[in-house]
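Presented below is the structure to which this report refers.
The values are calculated or read from the model by the stated rules, or taken from the named source; none is laboratory data. The model shown is predicted, which means the values in this text are computed figures rather than measured ones. Heads up, the Cβs are rebuilt from the backbone with ideal geometry, glycines too, and the neighbour counts pull from every protein chain shown.
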Amino acid sequence: MHLLGKAVHDWRMIENNDRILVGISGGKDSLALFHLLVSLKKKAPVAFDLVPVYIDPGFDNSFAKKLDSYINDRYKDVHQGMVVEKTNYGTLAHSDENKENPCFLCSRLRRKRLFELAREHGCKKLALGHNKDDLIETLFINIFYAGKIGTMKPNQSFFGGRFDIIRPLSYVEKLEINRFAQVCDLPEFVNTCPSAGYTKRQDIADMLERMYLQNKHIKGNIFRAMGNIAADYLLEMPC
């Protein structure tokens, strides 16, 4: 809670009378995020509303109904009901026409729909459950596979400031979230995506984990380095 509050303060994520769409995937990160935002809402000096949303990717054995019941039963006093959107994004992304990078297409379609739902529900801000490890992994994904240096920002504006994506867990490590989920008895919804655990992100995460075991300061140094750029020592590529 301290780390979430610090990120919200440092990056000015939440203001009075904000209406925030919260993307919930069913994973520990997004469930922990919603739980913490609910706690923050009850004691924050500013008033804000939460709109939980789940985009069902369309795989078999969907847990949409169970997730909907859980959110609405446990947090019924702080929101007006969860929004569940049934789609074919996951199956489309894994179709024969899109074998090379299903995660990219699925993510893009879900993000587009989240912006549309934010507009429909009067939300200027979208809260996502990306954590400190996700930000670091994204840096290396961009370096290895896109040939650029960049990551996800804790507070990032889109479409000329019409929407802001906020990531209140940006200072929280995945290990801390796993412990938090266990202590708070958060449920575990099984990810039915066929690519789960077999992605470029997972490869990067495994590589970084081996590095972290060698030196406990590496993760913190990488995170600080993303905001401590020695621009004079970067290449200036010829036109």
Condition (residue is without any contact (Cβ under 8 Å) to a residue 12 or more places away in the chain, surrounded by fewer than 18 Cβ atoms within 10 Å (Cβ to Cβ) and more than 19 Å from L31 (Cβ to Cβ)) applied to the range 55-67: is it met by at least one residue? no
Checked A7, A47 against criteria (of a type in the set (A, V, I, L, M) and touching a Phe, Trp or Tyr at 6+ places or on another chain (Cβ under 7 Å)); the one match is A7
Considering the range 71-90 alone, what residues qualify as being more than 14 Å from V22 (Cβ to Cβ) and crowded, with 18+ Cβ neighbours inside 10 Å? Y89, G90
Counting only residues in the range 156-168 that are touching a residue at least 24 places away in the same chain (Cβ under 8 Å) and touching a strand residue (DSSP E or B) at 6+ places or on another chain (Cβ under 8 Å), the one surrounded by the most Cβ atoms within 10 Å (Cβ to Cβ) is identified as P168
Looking at (1) more than 14 Å from the chain's Cα centre (by Cα); (2) of a type in the set (F, W, Y); (3) under 18 Å from A181 (Cα atoms), which one does F48 not meet, given that it meets all the others? (3)
Scanning for something more than 29 Å from L92 (Cα to Cα), out of contact with any Cys (no Cβ under 9 Å at 6 or more places or on another chain) and in a helix (DSSP H, G or I), does the range 134-156 turn up at least one residue? no
Which residues, counting only those in the range 182-200, are touching a residue at least 24 places away in the same chain (Cβ under 8 Å) and either of a type in the set (S, T, Y) or surrounded by 15 or more Cβ atoms within 10 Å (Cβ to Cβ) (or both)? L186, F189, N191, T192, C193, S195, T199, K200
Looking at the range 84-102 only, could you name the residues that are within 25 Å of I71 (Cα to Cα) and in contact (Cβ under 8 Å) with a residue 60 or more places away in the chain? G90
Within the range 88-97, is even one residue at pLDDT 95 or above and outside any helix (DSSP H, G or I)? no
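Does H35 meet the test of being modelled with pLDDT of 95 or more, part of a helix (DSSP H, G or I) and over 24 Å from D185 (Cβ atoms)?
Criteria not met by H35.
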Determine which single condition G122 fails, assuming it passes every other condition in (1) touching a residue at least 12 places away in the same chain (Cβ under 8 Å); (2) touching a helix residue (DSSP H, G or I) at 6+ places or on another chain (Cβ under 8 Å); (3) outside any strand (DSSP E or B); (4) farther than 30 Å from K219 by Cα. (2)
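Here's the yes/no breakdown for (1) modelled with pLDDT under 95; (2) part of a loop (DSSP other than H, G, I, E, B); (3) under 26 Å from K125 (Cβ atoms); (4) in contact with a strand residue (DSSP E or B) (Cβ under 6 Å, 6 or more places away or on another chain):
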| position | (1), (2), (3), (4) |
| --- | --- |
| S170 | no, yes, yes, no |
| I177 | no, no, yes, no |
| A181 | no, no, yes, no |
| G197 | yes, yes, no, no |
| I222 | no, no, no, no |
